[in-house]
1. Run the simple label-point estimate for D184 and R130 please: 7 Å along Cα→C-beta, distance reported in nm.
2. Peptides 104-112, 42-50: what's the order by average Cβ count within 10 Å, highest mean first?
3. What net charge do the residues around V167 carry, taking every other residue with its C-beta under 14 Å from that of V167, with Lys and Arg at +1 and Asp and Glu at -1?
4. Which of the peptides 33-40, 126-133 is most tightly packed, and how do the rest follow, judged by the mean count of other Cβ atoms within 10 Å per residue?
5. By counting other Cβ atoms within 10 Å of each Cβ, how are V177, V119 ranked from fewest to most?
6. Can you work out ³J(HN,Hα) from phi for every residue in the stretch 103-108, in order, using Karplus 6.51 cos²θ - 1.76 cosθ + 1.60 and θ = phi - 60°, giving whole Hz and x for Gly and Pro?
7. Order of D165, D41 from fewest to most other C-beta atoms within 10 Å?
Amino acid sequence: MKKTDEIQIDMNMSGSNSSTLDLRGRQSVRATFRLSEACIDAISILSAQLGIKQKSIFDHLLENSQVLKNMPRELENTKFDRHERIQKTFVISRRSLSFLDSISSKHNAPRDALVEYSVRRLLPIIAKERKKHEKRKDILTEISDHFEKGRKLLSKAEEMLGTDDQVVNNLRTAMSVYENVLNDISGFIERGKIIEKFQPE
């Protein structure tokens, strides 16, 4: 496979205590793989659900040299279907790409297969997040109901005390903050809906 590695140096890594070798390992590079749609979705889901960059997921998977070394043996009796795979470019660290290329070359194992099966090791995490997603939706329903009760209480307070009363003003401020929090939670759960349709191969 043709590799497209474009170096993007993170200037925040230029601390005086870092060695030149360490800095080079932390450089971001672009690498293109052909992966299944399920694999690509899994990476996106983990990034969204855990609030981490996709690069961090690759670093976690590919910088574990022992896992990568064992991976070719797992692939020996597994047929890697190259059909219906999607070409996609990801940003990963130079060190991760170096580990991946080294294992791929040494064991004659396709880079795409190594990435694919590395991501599959994270499927239990996605299963756990799917359960949490359903629980979050239940909690959101309760939060929404509680918010509506608060709005009714605010209206009642305004009628009883007037719109300029200090208690009313404080309650109005609290409800404004509550609304912002509710919107944030709703947005997070909405973005996580991709996990509901995820079907691992």
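A short reminder: the numbers here are calculations on the coordinates, not readings from a lab. On a predicted model such as this, the values are computed, not experimentally measured, just so you know. With ideal geometry, Cβ positions are generated from the backbone for all residues, glycine too; neighbour counts draw on all protein chains shown.
1. So the label points at D184 and R130 sit 2.9 nm apart.
2. Highest mean packing first, the order is 42-50, 104-112.
3. That sum, taken over residues with Cβ under 14 Å, equals -2.
4. 33-40, 126-133
5. Ascending number of Cβ neighbours within 10 Å: V177, V119.
6. Here the 3J(HN,Hα) series is 5, 4, 6, 5, 9, 6 Hz.
7. By the 10 Å Cβ count, ascending: D165, D41.
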